[in-house]
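Trainee: Take a look at the following structure, please.
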Amino acid sequence: MTQLIGVYDADATLWGEVSYWVGARVGVRHCSLCDITHSAFGEKSKWKECRSGLAADFETFHRNDQPDDVRQCIDGRYPAVVARSEAGEVTMFMNADEIAACGASPQEFVAEITRRLAL
């Protein structure tokens with residue numbers, strides 16, 4: 001595998017960002033991947049630190065800006081992490097429940113990724 005790609009259960013538009021932020025604050029929107037990588041006002045410094053220690057490149061997208069092959073692999077099941085092979089093929093790496101099991105902890109998330117990469 002050459003790359004891991006995380007896709008948030010949110011859109012990368014001004015309206016998408018605002019509606020997610022407000023919805024998350026009042027308890028009507030939730031994305032476990034967002035909880036791991038972001039605080040209320042931006043990317044978590046702990047996530048940046050943990051991500052830099054991964055053995056694979058980790059890139060994130062939103063529902064509306066993800067590559068088409070990633071969109072097909074995820075098939076509407078957000079959030080998710082997919083793996084891209086050296087040949088360019090994508091496969092599901094972590095589903096929404098597996099991401100949620102890491103809590104909002106960048107450390108737990110990276111530990112689980114590292115465990116899976118070692119298999």
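The numbers here are math on the coordinates, done by the rules we state, and not lab data. Computed from a prediction, not measured in an experiment: that's the story for all the values here. Cβ coordinates were reconstructed from backbone atoms using ideal geometry, including for glycine residues, and neighbour counts include every protein chain displayed.
Trainee: Scan the chain and report its longest stretch carrying no trypsin sites (Lys or Arg not before Pro) that are both in a DSSP loop and have at most 15 other Cβ atoms within 10 Å.
Mentor: By the stated rule (loop sites, at most 15 other Cβ atoms within 10 Å), 30-76.
Trainee: How much length would be gained if the chain were fully extended between SER45 and SER19, taking 0.36 nm per residue of separation minus their Cα-Cα distance, in nm to one decimal?
Mentor: 7.0 nm
Trainee: Give the calculated FRET efficiency between SER105 and SER85 to the nearest 0.05, with a Förster radius of 30 Å applied to their Cβ-Cβ distance.
Mentor: 0.60
Trainee: While we're on this one: Work out how far the C-alpha atoms of the chain reach from end to end along every principal axis, then list the three figures in whole Å, largest first.
Mentor: 40, 29, 21
Trainee: Which whole-number percent is the relative contact order of the range 3-118 (Cα, under 8 Å, 6+ apart)?
Mentor: 35
Trainee: In nm, to one decimal, how far is the HIS30 label point from the ASP69 one, both placed 7 Å along Cα→Cβ?
Mentor: Rounded to a tenth, the inter-label distance reads 3.3 nm.
Trainee: May I ask you to evaluate 6.51 cos²θ - 1.76 cosθ + 1.60, the Karplus curve with θ = phi - 60°, for each residue of the range 66-83 and list the ³J(HN,Hα) values in order in whole Hz, giving x for glycine and proline?
Mentor: Using θ = phi - 60°, the values come out as 6, x, 4, 5, 5, 4, 5, 5, 6, 6, x, 9, 9, x, 7, 10, 10, 10 Hz.
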